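The values are calculated or read from the model by the stated rules, or taken from the named source; none is laboratory data. Since this is a predicted model, take the numbers as computed values, not measurements. Cβ sites come from the backbone with ideal geometry, for glycine too, and all protein chains shown count toward neighbours. Surface areas here come from the heavy atoms of the whole protein model, side chains and all, with no ligands, DNA or RNA. Shrake-Rupley method; radii C 1.70, N 1.55, O 1.52, S 1.80 Å.
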Amino acid sequence: MDGTRVDGRPSARRIATFGLALGVCVGTTESAARVFQRFILDQRVWMPLDFIWMTPVAAILVFATATVLLLSVRAIGLRWSWRQVTAWYLFFAIAGPILAYPRLHFVPSAILAIGLAAQGGRVLDREWLRQLVRRAAPACAVLVALAAAAIAISRVTGERRALAAIGEAPADAPNVLLIILDTVRAQSMSLYGYGLPTTPALERLARESVVFDRALATSSWTLPSHGTLFTGRFDHEMDADLVTPLGPEHPTLAERLSAQGYETAGFTSNLLYTTWENGVDRGFARYEDYPLSLATTLRSSLISRLFVVNGRRLLGHHDVLGRKRAAEVGGSFQTWLDGRARAGREAPFFAFLNYYDAHAPYIVADSIAARFGPVRTDAPVQDPGEQEWSPSRIDAARAAYEGTLVELDRHLAALLEDLDRRGVLDNTVVAITSDHGEHFGEHGRLGHGRGLYIQTLHVPLLIRLPGASRGGTRVAEPVSLADLATTLEGLATRRRTLPGRSLARFWGAPAPTGRMTPLLAEIRPGIRPPPTSPLRFGAMVSIVDSGFHYIRRGDGAEEVFDFIADPTGTTDISATRADLVARLRDATARAVAEGSVEPPP
């Protein structure tokens with residue numbers, strides 16, 4: 001009657017019922033643990049809020065797959081006892097958390113998971129426990145469904161409330177479009193003199209834009225740099241770091257523009273440090289980070305992530321699971337514009353787009369990468385970091401990276417053409433920049449976020465004004481991205497409340513003359529910096545001042561480069577210019593003490 005065979009072995013129906021019920025209960029338990037981690041312990045979970053329902057769904061998919069495998073074995077004549085069935089399912093329940101622990105090697109972790117599952121199958125081989133799982137599963141399923149509905153409703157109502165709360169825009173206020181090309185360094189762009197054609201579309205756009213030849217990021221990794229781009233504040237003025245989001249103490253550009261009548265929306269593909277958990281979504285009526293997709297669902301559970309990610313790698317797929325490509329980010333923005341048009345909303349918009357295509361592991365077609373160097377023959381690495389690579393591997397990685405710039409460049413051209421067809425472009429301020437650059441062997445470094453050399457600070461900056469006004473202007477003077485937020489606020493609302501100095505001073509008349517303010521950049525060590533990283537000595541700081549780039553490590557070691565004569569920073573001149581080092585050291589101390597430059601009242 002209970003579905004158990006006369007020989008004591010479970011029937012196929014009982015196995016399937018128990019497996020799916022266990023999947024619901026295990027997934028709901030994992031989701032509850034993540035809720036506690038996120039909202040009680042205030043720790044990041046690196047997932048969308050939808051993890052509350054996605055995690056149980058992912059677990060159900062894993063246990064359904066496990067059930068199919070088990071029943072397939074049963075179909076060929078192998079009959080399992082309840083103890084063996086229980087052990088089988090327990091392995092899938094505990095393997096994810098155990099194998100995901102980075103300090104354990106895969107083989108001993110797998111042996112541990114198998115041993116615990118076998119022992120658990122013996123201990124938990126109790127009919128009353130199986131009955132408890134079956135009875136708890138419907139209640140868990142109802143909770144998951146209610147959570148999914150509540151999250152969807154809150155997202156819609158939240159956007160409606162934000163739209164209802166926007167202020168009144170100034171007459172003839174332009175739209176503002178801020179495009180951040182994540183991890184794009186100026187050194188690899190033909191727009192800035194690189195010898196290979198990586199950015200032909202941006203070169204054409206330059207004829208309609210103000211182009212800054214020496215724009216500098218304020219940090220060498222994503223979150224503090226985005227924090228500066230949105231608030232005008234420097235790293236030491238914010239609390240944003242590897243485990244702490246951007247705090248609410250400093251208003252963001254989106255908040256300021258929303259108060260001034262702008263409809264705001266953000267579309268990002270950096271799913272590490274520009275998500276809802278990082279605080280950069282403040283002020284946006286709509287903010288799209290994680291896609292609501294099967295890939296995101298499978299990433300939301302340790303159980304599914306283990307098998308799917310490793311399975312993809314075995315099949316040769318090395319890109320980040322659920323990574324959003326440029327077409328998806330731009331398509332979401334265009335869909336949002338379509339919705340505005342259908343709804344008849346006429347308020348000016350501020351839109352933020354983050355493109356992640358140029359970030360490691362630099363996924364691009366071999367046919368494109370081959371234009372810039374050798375084609376990569378080994379598996380790409382998600383974070384080059386402190387690894388040691390051969391020159392040939394570095395060349396192949398750089399070629400792939402430069403290929404991603406070509407694809408980004410094509411996408412930007414198509415996006416701007418679409419805005420032109422809509423009749424939107426000529427009433428829009430378009431700013432294109434990057435949050436930081438990348439190392440490919442320079443100074444013995446790979447990747448970013450572990451130092452302040454110019455390869456990670458020198459980034460593109462183009463501003464296309466409405467009607468292509470001032471197009472073709474090139475600004476040679478070094479400038480800081482700390483000034484971009486107040487610049488865009490001033491162009492949009494004719495008033496500036498965010499800190500910094502408007503970059504509009506460079507295309508006005510007369511152009512600024514005399515000594516400029518030192519341009520500050522900073523980075524903090526974070527958690528357990530690698531033993532070969534300069535951050536092992538503590539926080540680093542740098543300035544560009546009077547044409548020189550000064551860097552100081554946490555242990556007091558200093559380097560100086562001639563930013564004008566030696567723009568890629570190949571020769572440290574600190575040993576021969578003691579007077580210059582002393583002056584730059586003092587200028588750095590003043591720059592840190594002064595922080596952001598407040599605008600005039």
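At a temperature of 4 °C and a viscosity of 1.567 mPa s, determine how fast region 187-309 diffuses translationally according to Stokes-Einstein, using the Kirkwood radius over alpha-carbon pairs as Rh; express D in µm²/s, rounded to the nearest whole number. The calculation lands on 75 µm²/s. Ordered by 1.4 Å accessible area with all protein chains kept, Glu346, Glu237 run largest first as Glu346, Glu237.
Dipole size of the chain about its Cα centre, with +1 on Lys/Arg Cβ and -1 on Asp/Glu Cβ: approximately 2300 debye, rounded to the nearest 20. Ranking Thr456, Thr473 from most to least accessible surface, computed with a 1.4 Å probe over the protein chains only, gives Thr473, Thr456. For the chain, the share of accessible area belonging to carbon and sulfur comes to 59 percent (1.4 Å probe, ligands and nucleic acids excluded). Of the chymotrypsin sites (Phe, Trp or Tyr not before Pro) in region 234-283, not one is in a loop by DSSP (not H, G, I, E or B) with at most 11 other beta carbons within 10 Å. For region 346-409, chymotrypsin sites (Phe, Trp or Tyr not before Pro) are listed when DSSP marks them as loop and at most 14 other Cβ atoms sit within 10 Å of their Cβ; the list is empty. Of the residues Gly330, Val479, Leu129, the one whose Cα sits farthest toward the positive end of the charge dipole of the chain, with +1 on the Cβ of Lys and Arg and -1 on the Cβ of Asp and Glu, is Leu129. In this structure Asp562 has an accessible area near 40 Å², from a 1.4 Å probe over the protein heavy atoms. Loop-resident trypsin sites (Lys or Arg not before Pro) (DSSP state other than H, G, I, E or B) in region 418-513 with no more than 16 further Cβ atoms inside 10 Å of their Cβ: Arg422, Arg470, Arg494, Arg495. When the residues Thr218, Thr17 are ordered by accessible surface, computed with a 1.4 Å probe over the protein chains alone, the sequence from largest down reads Thr17, Thr218. Calculated accessible area for the chain comes out at 42 Å² per residue, all protein chains present (probe 1.4 Å; ligands, DNA, RNA ignored). On full extension, the segment bounded by Arg470 and Asp572 gains 33.0 nm, given 0.36 nm per residue less the C-alpha separation.
Between region 472-508 and region 263-306, the C-alpha centres lie 30 angstrom from each other.
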